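*Asks:* Structure incoming, see below.
The values are calculated or read from the model by the stated rules, or taken from the named source; none is laboratory data. If you're wondering where the values come from, they're calculated on a predicted model, not measured in any experiment. Cβ: placed from backbone, ideal geometry, glycine included. Neighbour counts: every protein chain shown.
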Amino acid sequence: MYSHPLFPLLALIFDKCELATSTVPRESSSAQVHVCSSTSFDEDVRLFTGQVLTSVHLVLLVIMVKVKECHTPGGVYRRSAHLSNIGR
């Protein structure tokens, strides 16, 4: 469960819900009101989505580079030649 990609977002939302429904008197500062607002939730989801998309883009970029290396003329040879020289 902890390794699920959406776990950090879910944990943040639960923390905010707990903060919003705490038994502390409602003499809230404007900072606490903002933390518990729907706008704040929207911002958290938007930032989380941006972080996930950035991670996915980086992984795809690495895969594309590796595929291109394998399909360039001599790419497989260079890789196998490099591997055969390991330990020499």
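*Asks:* For region 46-73, give me the residue count where each residue is hydrophobic (A, V, I, L, M, F, W, C) and touching a helix residue (DSSP H, G or I) at 6+ places or on another chain (Cβ under 7 Å).
*Replies:* Going through region 46-73 one residue at a time, the tally reaches 2.
Quick grid of which residues meet (1) modelled with pLDDT under 65; (2) exposed (fewer than 12 other Cβ atoms within 10 Å of the Cβ); (3) assigned to a helix (DSSP H, G or I); (4) among the small types (Gly, Ala, Ser):
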{"position": "Ser3", "(1), (2), (3), (4)": "no, yes, no, yes"}
{"position": "Gly50", "(1), (2), (3), (4)": "no, yes, yes, yes"}
{"position": "Cys70", "(1), (2), (3), (4)": "no, yes, yes, no"}
{"position": "Tyr77", "(1), (2), (3), (4)": "yes, yes, yes, no"}
{"position": "Ala81", "(1), (2), (3), (4)": "yes, yes, yes, yes"}
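*Asks:* Examine region 18-34 for a residue that is modelled with pLDDT under 85, under 21 Å from His4 (Cα atoms), surrounded by 10 or more Cβ atoms within 10 Å (Cβ to Cβ) and not aliphatic (A, V, I, L, M), and state whether such a residue exists.
*Replies:* No: region 18-34 contains no residue that is modelled with pLDDT under 85, under 21 Å from His4 (Cα atoms), surrounded by 10 or more Cβ atoms within 10 Å (Cβ to Cβ) and not aliphatic (A, V, I, L, M).
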